[in-house]
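A quick write-up on the structure given underneath.
The values are calculated or read from the model by the stated rules, or taken from the named source; none is laboratory data. The model shown is predicted, which means the values in this text are computed figures rather than measured ones. Here the Cβ positions follow ideal geometry from the backbone for every residue, glycine too, while neighbour counts run over all protein chains shown.
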Amino acid sequence: MHAMRALTTIAVTLALGTTACSVGGPTGDTSGSGGKTVVVATHDSWAMSKKVLKEFTAKTGYTVKIEPNGDAGQLTNKLVLTKGSPIADMTYGVDNTFASRAVDEGVLADYTPKGLPASASAYALKDPTDAKQLTPVDYGDVCVNIDDTWFQQHRLTPPRTLDDLTKPVYKNLFVTPGASSSSPGLAFLLTTIAKYGNGWQAYWSRLMGNGAKVTSGWSDAYEVDFTGGGGHGDRPIVLSYSSSPPFTIPKGASKPTTSALLDTCFRQVEYAGVLKGAKNPAGAKAFIDFMTQKSFQQALPDNMYVYPVDHRVALPADWARYAKTAPRPFTVPPAEIAKNRSTWLSQWSDITTR
Amino acid sequence: MTGRVRSGVGIAALAALPLAFLGVFFVLPLVGMVARGFVTDGHLDVGAVLEVLARPRVHRVLWFTLWSATAATVCTVLLGLPVAHVLYRVRFPGRGLLRAFVLMPFVMPTVVVGVAFRTLLASSGPLGGLGLDGSPVAIVAAMVFFNLAVVVRTVGSAWAGLDRRREEAAAALGATPLQVLRTVTLPALLPGVVSAASVVFLFCATAFGVVLTLGGLRYATVETEIYLLTTQLLDLQGAAALSILQLVVVTLLLYGAQRTRSGREHALARTAEREASRGPGRGDLAPVAVTVVALAFVAAPLVTLVLRSLRVGDGWGLGHYEDLATTGAGGALLVPASTALANSWRVAVDATLLALLLGVLVSAVVSRRPRPPAQRHAVAVLDSVFMLPLGVSAVTIGFGFLVTLDRPPLDLRASPVLVPIAQAMVALPLVVRTLAPVLRSVDPRQHQAAASLGASPLRSALTVDLPILWRPLLAATGFAFAVSLGEFGATSFLARPDRPTLPVVIYQLISRPGEANLGMAFAASVVLGLLTVGVMALVERLRLGSVGTF
């Protein structure tokens, strides 16, 4: 018995001893930026295949170091707070809802990549000062999604427009992440502001009156409440992305069970820019160049579920068929958003939380 | 006079290292971030910050914070005491495993538990009929779920060594079981209960993910408000005002808790656990019943998690567990989940060692009873100071790290040491709260006796304190390890992207589309929980083994 205990103790001590020291591991790299490393401050949704990043290193000699910093809002605010002592050489992931803040606070340096694809100009920021600092890399449409299977089973015509969502036939069927805690949620609020102007508050009152449900995040809405998500919930209408349907193609089938309503979409564009005071501005510029080139652009849909700004790049087959983008998406000028964000959000909170 | 100076120097020497840590990794970032809110265009603007406190919304938010945290704390204590009794005073087979199981919720990532709770409570779920989805009841229930372990373990480890003879004497003198409980047992446990309750309150008052997920954004707490103001609106004035408010409330609370505890902590007669716990008797029926209910309550969301982790497509299988060796569907992760698990383990070891080192030092200081009133007061203040990190917003501290630790000699923003340090700061109060009540209950005459026999202070600590401290020390180790494994708030701010911990990876997975990533998130959560239970069960084994050596 005593021998057993002694053995257990020794085993535990050894296990602790050999696995200790998270600090000095073999991959310990505290070199930071400067030299041959480009540090990229981005959002948590960053994903890119190793192959593509290796190609960049082979081409330019720079190694990319990714620093995720929360969602687009957190990322922007961190950049603002660390102005003068930047946390990275460049940023990627500031979107059109936060672009004005980043530019106005002066955290970015001017840079426009060489050989920007012609189609990218459609996504550039309208203000010339803003456009000089932020380069569009990709875009995505935040749209209302529906569970087609559910509507077939219930012999109900699915909704098509924002107005439809307030009709009594669709009572208690819609779930959306909240604008104050989720970026797609904010995008949906902006959709309604773009569509209804000053009448947006009245629209939201009707929407809430029709039993719309607000959750804190996208995963909560899609994976718990949505009938077409992993949680088999009881709401067949959800706010998600135009790129969501291909993920609902059942095994062995070829058609998704859900679709996006393309008349309800808000366009989010994501930008890259060099940070003022970067230790490695040359490397940052090289990576922004690379982000607008073919191999990176082509890898965007599979890795980050967004669309490349270079229209010459072919989309994956499922996307080309089932993840079409909105022909006429809604937008709100970034300067407007910057000016009214807190007012809109508090008005929105008042309506949705009474 | 020299004695007074010597005891003062002793306290200062022991407290120096923990205080330095607290200064650099808590006070500095907090002050740095709050200062940003007070300064507008280069000059101090206190008025603007105070104006924020007059907003009606702030009053509403403060009220809900206090209300929900108080309700959750009361429920956790009421539920936790019977469970502590059954798991630490009654002997039965499988007890060690149950003790470990109770700790499982403590390490569960909030986002996953949020989804698990909502799967149960949503109108489509098995408990949908209760209509609790999005209600304050759901928020409070989740808080109880997460914090039950704090009460069970803190109170339990104090209870385990409590000498039964005083209770038996009272019973022999004709006291009913309820009278024994009220007049003998509870007064002896009170310091431990107050300790646990204050930790639970702080955890609840700063809960963030739970409030957002389960309240469906309808309810705001001071913490969610700070998050919103800092990360979305960049309203630093508002955030600073709320951080100050949080600090004031927490300080008041800790002061009150300190006053309640002090004066009630006496030297207690202790025995080995073997003698203190016995087989179940008739009087244990009620606590056993409560324990069964409590365990069912803890198990329900966990079972939901396990079921969803095993659901592959329309069938069942281990596919999601096999996927843990990969980087997820569509390369959702930078490293495979299994690598993140290894990172979590290494970080947890470092954080635990650090928390124990600092925790023992702090406990040694705060359990002293110096004669001079000034020193006594200083000790009381120190006791509460080390609890503060639990009560202050992780968002404020996280952003504070960014704006203050950015230049030599503290250029640590990109350093991997921040993760274990931050986790140790969170674990430290739990370690202190587990050790200090036990140390305080040591009869000072034992030290005096040791000293009169010529023992040095170190020797006296080793022969008097260590045998008593050994059990709580193991409990604290397990706690610190669990805190570190499950910590998400600070870690998500600080973890290096190329070496994330498992909770960070789980969060990344759950925010990605695709059933495979969601399933992986659930599988990873189950693995995290099982790992914790495994480690805790091992600690329990060691603990039993050690009793015989004294």
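General remarks:
- Candidates are the residues of the range A:249-273 that are of a type in the set (Val, Ile, Thr) and under 19 Å from the mean Cα position of the chain (by Cα); the one that is surrounded by the fewest Cβ atoms within 10 Å (Cβ to Cβ) is A:Val269.
- For the range B:229-249, taking the residues that are without any contact (Cβ under 8 Å) to a residue 60 or more places away in the chain and buried (at least 23 other Cβ atoms within 10 Å of the Cβ), the one that is nearest to B:Thr206 (Cα to Cα) is identified as B:Leu229.
- Note on the range A:232-247: among residues that are at the interface with chain B (Cβ under 7 Å from one of its Cβ atoms) and crowded, with 24+ Cβ neighbours inside 10 Å, the one that is nearest to A:Ser216 (Cα to Cα) is A:Gly233.
- B:Val49 vs. criteria buried (at least 20 other Cβ atoms within 10 Å of the Cβ), hydrophobic (A, V, I, L, M, F, W, C) and more than 22 Å from the chain's Cα centre (by Cα): yes
- Whichever residue in the range A:136-164 is buried (at least 22 other Cβ atoms within 10 Å of the Cβ) and of a type in the set (A, V, I, L, M) and, among such residues, is nearest to the chain's Cα centre (by Cα): A:Val142
- Counting only residues that are crowded, with 22+ Cβ neighbours inside 10 Å and acidic (Asp, Glu), the range B:129-173 holds 1 of them.
- Qualifying helices (runs of 4 or more DSSP H) (wholly inside the range B:110-177; at least 3 residues being within 14 Å of chain A (Cβ to nearest Cβ) and within 21 Å of B:Leu295 (Cα to Cα)): B:110-121, B:136-160
- Condition check for B:Arg57: at pLDDT below 90 and surrounded by 14 or more Cβ atoms within 10 Å (Cβ to Cβ): yes
Matching residues to (1) part of a loop (DSSP other than H, G, I, E, B); (2) over 22 Å from A:Tyr196 (Cβ atoms):
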site: A:Val313; (1), (2): yes, yes
site: A:Arg328; (1), (2): yes, no
site: A:Val332; (1), (2): yes, no
site: A:Ala335; (1), (2): no, no
site: A:Lys339; (1), (2): no, no
site: A:Leu345; (1), (2): no, no
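- The residues of the range B:429-480 that are in a loop (DSSP other than H, G, I, E, B), in contact (Cβ under 8 Å) with a residue 24 or more places away in the chain and not hydroxyl-bearing (Ser, Thr, Tyr), listed by number, are B:Val442, B:Asp443.
- Residues of the range B:206-233 that are of a type in the set (A, V, I, L, M, F, W, C), under 23 Å from A:Thr82 (Cα atoms) and facing another protein chain (nearest Cβ under 8 Å): B:Leu228, B:Leu233.
- The range A:39-113 holds helices (runs of 4 or more DSSP H) entirely within its bounds, and those carrying 1 or more residues that are away from chain B (no Cβ under 13 Å) map to A:50-60, A:99-104.
- Test: B:Val112 is of a type in the set (Val, Ile, Thr), farther than 20 Å from B:Leu229 by Cβ and out of contact with any Cys (no Cβ under 7 Å at 6 or more places or on another chain): yes
- Filtering the range B:417-428 for residues that are at negative phi, free of Cβ contacts under 8 Å to residues at least 24 places away in the same chain and in contact with a helix residue (DSSP H, G or I) (Cβ under 9 Å, 6 or more places away or on another chain) leaves a non-empty set.
- Of everything in the range A:285-323 that is out of contact with any helix residue (DSSP H, G or I) (no Cβ under 9 Å at 6 or more places or on another chain) and over 23 Å from A:Thr42 (Cβ atoms), the residue that is farthest from the other protein chains (Cβ to nearest Cβ) is A:Ala320.
- The set of residues from the range B:85-109 being closer than 23 Å to B:Val199 by Cβ and in a loop (DSSP other than H, G, I, E, B) comprises B:Leu103, B:Met108, B:Pro109.
Residue by residue, here is whether (1) within 21 Å of B:Val102 (Cβ to Cβ); (2) among the polar types (S, T, N, Q) holds:
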{"position": "B:Gly134", "(1), (2)": "no, no"}
{"position": "B:Val137", "(1), (2)": "no, no"}
{"position": "B:Ala141", "(1), (2)": "yes, no"}
{"position": "B:Gln179", "(1), (2)": "no, yes"}
{"position": "B:Leu190", "(1), (2)": "no, no"}
{"position": "B:Ser195", "(1), (2)": "yes, yes"}
{"position": "B:Val222", "(1), (2)": "no, no"}
{"position": "B:Thr230", "(1), (2)": "no, yes"}
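- Residue match in the range A:135-145 (condition: without any contact (Cβ under 8 Å) to a residue 40 or more places away in the chain and in the same structural domain as A:Lys279 (by TED's automatic domain parsing)): no
- Extreme residue, nearest to A:Ile193 (Cα to Cα), among residues of the range A:165-179 that are of a type in the set (A, V, I, L, M) and buried (at least 18 other Cβ atoms within 10 Å of the Cβ): A:Ala179
- Restricted to the range A:197-225, and to residues there that are surrounded by fewer than 24 Cβ atoms within 10 Å (Cβ to Cβ) and among the aliphatic types (A, V, I, L, M), the residue that is farthest from the other protein chains (Cβ to nearest Cβ) is A:Ala202.
- Any hit, the range B:335-352, residues being touching a strand residue (DSSP E or B) at 6+ places or on another chain (Cβ under 8 Å) and assigned to a helix (DSSP H, G or I): no
- Any hit, the range B:446-465, residues being at pLDDT below 85 and within 23 Å of the chain's Cα centre (by Cα): no
- Those residues of the range B:277-301 which are farther than 14 Å from B:Pro82 by Cβ and not hydroxyl-bearing (Ser, Thr, Tyr), in sequence order: B:Arg278, B:Gly279, B:Gly281, B:Arg282, B:Ala299, B:Ala300, B:Pro301
- The number of residues in the range B:26-49 being in contact with a helix residue (DSSP H, G or I) (Cβ under 7 Å, 6 or more places away or on another chain) and part of a helix (DSSP H, G or I) comes to 13.
- Breaking point among (1) surrounded by fewer than 24 Cβ atoms within 10 Å (Cβ to Cβ); (2) under 27 Å from B:Glu322 (Cβ atoms), for B:Gly489: (2)
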